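The values are calculated or read from the model by the stated rules, or taken from the named source; none is laboratory data. Everything numeric in this text was worked out from a predicted model, so none of it was measured. Here the Cβ positions follow ideal geometry from the backbone for every residue, glycine too, while neighbour counts run over all protein chains shown.
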Amino acid sequence: MAIKTVGVVGCGLMGSGIAQVCAEAGYDVVVREVDEGALKKGLGKIESFLARGVEKGKVKPERKDEVMGRLKGTTNLADLAKCDFVIEVVVENIEAKRQVFQALDAACGPHAIFASNTSSLSITEMAATTKRADRFVGLHFFNPVPLMKLVEVVRSPLTSPEAFEQAVAFATSLGKTPVRAGDKTGFIVNRLLVPYLLDAIRALEEGVGSTADIDEGMKLGCGHPMGPLTLLDFVGLDTTYYIANIMFDEFKDPMFAAPTLLKRMVLAGKLGRKSGEGFYKY
Ligand SMILES: NC(=O)c1ccc[n+]([C@@H]2O[C@H](COP(=O)([O-])OP(=O)(O)OC[C@H]3O[C@@H](n4cnc5c(N)ncnc54)[C@H](O)[C@@H]3O)[C@@H](O)[C@H]2O)c1
């Protein structure tokens, strides 16, 4: 089956980037958001990303128009009916995702492959709520999507080898490098990354070092491009908190337990870059 039209459900931090790279790769893209305001904001993010590229001379103005021309926004899930491949990128909550997939399952053609960009929820659990569990994969992109090369392609025990290889080929067609992973909570990257990020918060809580010194230590001591607390601000403290809770629930291992400071910061609305303040002020 040739993939021509891609559906993207959710146009927040990750969904806007995913919609952008799909349009850049030449796919027609239908993007669904909950209301006109969220849709305008999401598509606006793509427009300003490309506009910055034009200003810097990296993107031709006509290329920006061409990419924007392939993106169609909607608030109606039924508008994704003709999509060949649909990527769900809504909040990290199983109930919200289940509702989206059940509605998509009823709206889309039987040939369409479904993918979730979940960081920590079970692909098998989501797949089982649809009638196309054999054509259901995880497609885990990284932030910022237009710049980060990696996509984890996740297979559940129900995914057919054909659909899995199509998803791998689709990720490659976006100019990304796919790695194959099984449906274990956190897949490869978050399984290793999340305990590290949570430990950085615990180190701060325990007074091992200041915010700046913890970040500088990991940058210069381990050659990381950014420190863990800066990275947490990029990812979003709310998103990290949801992921930690889901991983703790799955593995019952204290290394995944959300530190008190993380919970307090989320309750206080300090969510990182997206709210203007996290471990740093923006
Ligand atoms: N933030 C990261 O670095 C990162 C990285 C990889 C994966 N993820 C995963 O990507 C997903 C989205 O995360 P995000 O950071 O983009 O969150 P976000 O809060 O920035 O965006 C979520 C968007 O989904 C929209 N939405 C909610 N319900 C919807 C529905 N029924 N239909 C259409 N839109 C709906 C919201 O309005 C919001 O704009 C989560 O599953 C998260 O775990 C996040």
(request) Can you give me the number of residues within the range 74-93 that are away from the ligand (no atom under 11 Å from the Cβ) and either modelled with pLDDT under 95 or more than 17 Å from the chain's Cα centre (by Cα) (or both)? (result) 6
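Return yes or no: is Leu197 within 12 Å of the ligand (Cβ to nearest atom) and either surrounded by 21 or more Cβ atoms within 10 Å (Cβ to Cβ) or under 15 Å from Phe279 (Cβ atoms) (or both)?
It is true that Leu197 is within 12 Å of the ligand (Cβ to nearest atom) and either surrounded by 21 or more Cβ atoms within 10 Å (Cβ to Cβ) or under 15 Å from Phe279 (Cβ atoms) (or both).
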(request) Could you pull out the residue among Val168, Val179 that is among the β-branched types (Val, Ile, Thr), more than 24 Å from Leu232 (Cα to Cα) and over 15 Å from the mean Cα position of the chain (by Cα)? (result) Val168
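Quick test for you: out of Thr118, Thr130, pick the one residue that is farther than 24 Å from Asp238 by Cα and either basic (Lys, Arg) or surrounded by 17 or more Cβ atoms within 10 Å (Cβ to Cβ) (or both).
Thr130
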(message) From the list Thr118, Thr129, exactly one residue is more than 19 Å from the chain's Cα centre (by Cα) and β-branched (Val, Ile, Thr). Which is it?
(response) Thr129
(request) Using the structure shown, decide if Leu220 is over 22 Å from the mean Cα position of the chain (by Cα) and surrounded by fewer than 18 Cβ atoms within 10 Å (Cβ to Cβ). (result) yes
(message) From the list Ala103, Ala2, Ala96, Ala51, exactly one residue is assigned to a helix (DSSP H, G or I) and either crowded, with 16+ Cβ neighbours inside 10 Å or more than 11 Å from the ligand (Cβ to nearest atom) (or both). Which is it?
(response) Ala51
(request) Search the range 11-35 for residues that are farther than 22 Å from Ala78 by Cα and pair each with any residue that is small (Gly, Ala, Ser) and away from the ligand (no atom under 13 Å from the Cβ) when their beta-carbon atoms are under 7 Å apart and the residues are at least 6 apart or on different chains. (result) Ala25/Ser173; Ala25/Gly175
(message) So in the range 38-48, with the set limited to residues that are closer than 20 Å to Glu92 by Cβ and not hydrophobic (A, V, I, L, M, F, W, C), which one is farthest from the ligand (Cβ to nearest atom)?
(response) Lys45
(message) If I ask for residues that are farther than 21 Å from Val145 by Cα, within 14 Å of the ligand (Cβ to nearest atom), of a type in the set (A, V, I, L, M) and out of contact with any Gly (no Cβ under 8 Å at 6 or more places or on another chain), which ones from the range 229-263 would you list?
(response) Ala244, Ile246
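Within the range 161-170, identify whether any single residue is within 14 Å of the ligand (Cβ to nearest atom), in contact (Cβ under 8 Å) with a residue 60 or more places away in the chain and surrounded by fewer than 24 Cβ atoms within 10 Å (Cβ to Cβ), and answer yes or no. Quick ask: steps written out before the conclusion?
From the range 161-170, those within 14 Å of the ligand (Cβ to nearest atom) are none; that's our starting set.
Checking the range 161-170: not a single residue is within 14 Å of the ligand (Cβ to nearest atom), in contact (Cβ under 8 Å) with a residue 60 or more places away in the chain and surrounded by fewer than 24 Cβ atoms within 10 Å (Cβ to Cβ).
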(message) Can you say whether Phe234 is among the hydrophobic types (A, V, I, L, M, F, W, C) and within 15 Å of Asn143 (Cα to Cα), as far as the supplied structure shows?
(response) yes
(request) Of all residues in the range 12-37, count the ones that are closer than 24 Å to Thr177 by Cα and within 13 Å of the ligand (Cβ to nearest atom). (result) 11
(request) Can you tell me which residue within the range 54-71, out of those that are surrounded by 16 or more Cβ atoms within 10 Å (Cβ to Cβ) and of a type outside the set (A, V, I, L, M), is nearest to the chain's Cα centre (by Cα)? (result) Arg70
(message) If Val266 meets every condition in (1) in a helix (DSSP H, G or I); (2) touching a Gly at 6+ places or on another chain (Cβ under 9 Å) apart from one, which number is that one?
(response) (2)
